[in-house]
Amino acid sequence: MQQDILINWSPQETRVAVVETGAVQELHVERTLERGLVGNVYLGKVARVLPGMQSAFIDIGLERAAFLHVADLMSSVAARHTDADKGEPVPVMPIEKQVFEGQSILVQVIKDPIGTKGARLSSQISIAGRLLVFLPQDQHIGVSQKIPFEQREALRQRLQALVEAGAPHGQTGGFILRTNGEEANDAELGEDIAYLCKTWARIKDAATRLPPKSLLHQDLSLLQRVLRDLVSETTQTIRIDSAEQFQKLKTFGTEFTPSAVDKLQLYKGERPIFDLFNIDEEVGKALGRRVDLKSGGYLIVDQTEALTTVDVNTGGFVGARNFDETIFKTNLEAAGAIARHLRLRNLGGIVIADFIDMTREDHREAVLVEFRKQLARDRVKTMVSGYSALGLVEMTRKRTRESLAHMLCEPCPVCDGQGSVKTARTVTYDILREILREARQFNPREFRVIASPDVIDALLDEESQHLAGLSNFIGKPISLQAEGAMTQEQYDIVLL
């Protein structure tokens, strides 16, 4: 299946769309101001050692000095590992015997600065690739604990052989297989080993040339991750609309991912690059609950903290010969649409798909087969457990990053993320009860209600009789004032 990658770059934001069969399947967004420092490697300079806190402040060129605790020194980490293997207590050498003021030290940010606190550092360097994590100061070959135990030893031995065969002569270091590398082939793992070794060689070279407080390595930008993570054998073109970033990407690709360089193209069209496949329109649809299907059916997608639910409805589709065929065709189309929107919205965790009930077992199996087939195109690991006792399809999708809605949206200030607000009539009854409550405690000359225009209209129209009755009951006049800036649930009762 052919794949195209479109890159829309601006100084404030980078957007990457993955397009297959003419439809956008994935959207990746990175905003310049939101990029953190975690993963960056610096040649720091020890500014101050604090024996009482067993820590040191390291100048890495930021506004505030960064913080390094003795437990995060590479020597302490190595000691813990060695003594843990022996089953003995872990002695930690005091920090004042390990570092001194003015010393140059290689450090990596493990926590971004927050408020008045500087960044948190470690001298144990780790470099993340697409499938592996490289530990250049360690010799350990490991496998993620999230991979099933029975598979780990075989994967570890396979990785050990690839490292021995693929690491440059004289290169030492350890590797950890990440969860998304569980099903990778030898060629993919070999490419990641070569990339990580080359990256570490570049860091070491920069550390000998650059002065203290220099940035030696920055975690890859989204542009660079396109070449490392998103390009596959099916990728036909990688089009970018910035000449400057095109050259930078070409330089990076030539050194680290030469197989992807030939696919790079500079887009020079007059139309915005995302207009080629109506990507902005598709993204707008992906932020809504309802997804219309070509057949006339539709999906309702609800994302919650615990799980995501997808409900399939026939809508206006009546084109098949009988009702069973109508349901079957709608479910088949919905299977592809659900798989696509899981990728596009980047929904992770537990997903429950409520397909329309099918009476025929062969239809049920055919829909499940189609659903698994469509999910197989997803680069993120998915697992479908089949139909539950209630007829729901249960599945999981690995969480890799924030969902599209969390990235681009925020809770509505009117409904506070609930998705609904009280009706105007409900608010009028709240107001009437509140006036009665206030009348029992205070004795003003008049009550004035300030509320949204819709609520005031309701009080003047269908609720006018109740308002007049309340005024007679409490023996006080009630005046009304519309305030366009108020939301439907907001109101004030002023005592005059």
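Summary of computed values
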quantity	calculated
Local electrostatic count, L436, Cβ distance below 13 Å [Lys/Arg +1, Asp/Glu -1]	+1
Point-to-point label distance, L495-R437, nm (Cα→Cβ direction, 7 Å offset)	1.4 nm
Sites R158 and A366, calculated FRET efficiency, Cβ-Cβ separation with R0 45 Å, nearest 0.05	0.80
Positive minus negative residues near I474 (Lys, Arg vs Asp, Glu; Cβ under 15 Å)	+3
Mean separation of Cα contacts under 8 Å (6+ apart) over length of the chain, as relative contact order %	11 percent
Cα shape, region 115-249, gyration tensor, a/c 1.5 rule	oblate
Cross-link pairs K198/K263; K263/K285; K268/K381; K111/K422; K146/K373 - those with Cα-Cα distance over 32 Å	K268/K381; K111/K422
Antiparallel DSSP beta bridges within region 237-336, percent to nearest 5	75 percent
Average Cα contact separation per residue, region 111-204, under 8 Å, 6 or more apart, as relative contact order %	35 percent
Where trypsin sites (Lys or Arg not before Pro) fall in DSSP loop in region 206-313, at most 13 other Cβ within 10 Å	K268, R289, K294
Estimated dipole of the chain in Debye, rounded to 20 [Cβ of Lys and Arg +1, of Asp and Glu -1, Cα centre]	1320 debye
Gap separating the Cα centres of region 216-292 and region 368-447, nearest whole Å	33 Å
Given charges at beta-carbon only (K, R positive; D, E negative), |dipole| of region 234-313 in Debye	240 debye
Label corresponding to volume of the Cα convex hull per residue in Å³ when calculated from the structure given, among (1) 191; (2) 271; (3) 151	(2)
Of all accessible heavy-atom area on region 428-496, the percent that carbon and sulfur account for (1.4 Å)	46 percent
Antiparallel %, DSSP beta bridges [both residues in the chain], to 5	75 percent
Residue (of L264, L189, G174) at the positive-pole extreme of the chain, dipole from beta-carbon charges	G174
For the chain: accessible area per residue (Å², 1.4 Å)	53 Å²
Anisotropy class of region 214-330 from Cα gyration tensor, a/c 1.5 cut	prolate
Considering only region 389-496, percent of DSSP beta bridges that pair antiparallel, nearest 5	50 percent
Helix-only [θ]222 nm of the chain, DSSP H runs n ≥ 4, -39500 (n - 2.57) each, per residue, nearest 500	-10500 deg cm²/dmol
Three-way shape label, region 189-268, alpha-carbon gyration tensor, a/c 1.5	oblate
Accessible-area composition of region 100-190, carbon plus sulfur, in percent [1.4 Å probe]	51 percent
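The values are calculated or read from the model by the stated rules, or taken from the named source; none is laboratory data. None of these values were measured; they are calculated from a predicted model. Don't worry about glycine lacking a Cβ; one is built from the backbone with ideal geometry, like all the others, and counts go over all protein chains shown. Keep in mind that these areas ignore ligands, DNA and RNA; they rest on the heavy atoms of the full protein, side chains included. Shrake-Rupley method; radii C 1.70, N 1.55, O 1.52, S 1.80 Å.
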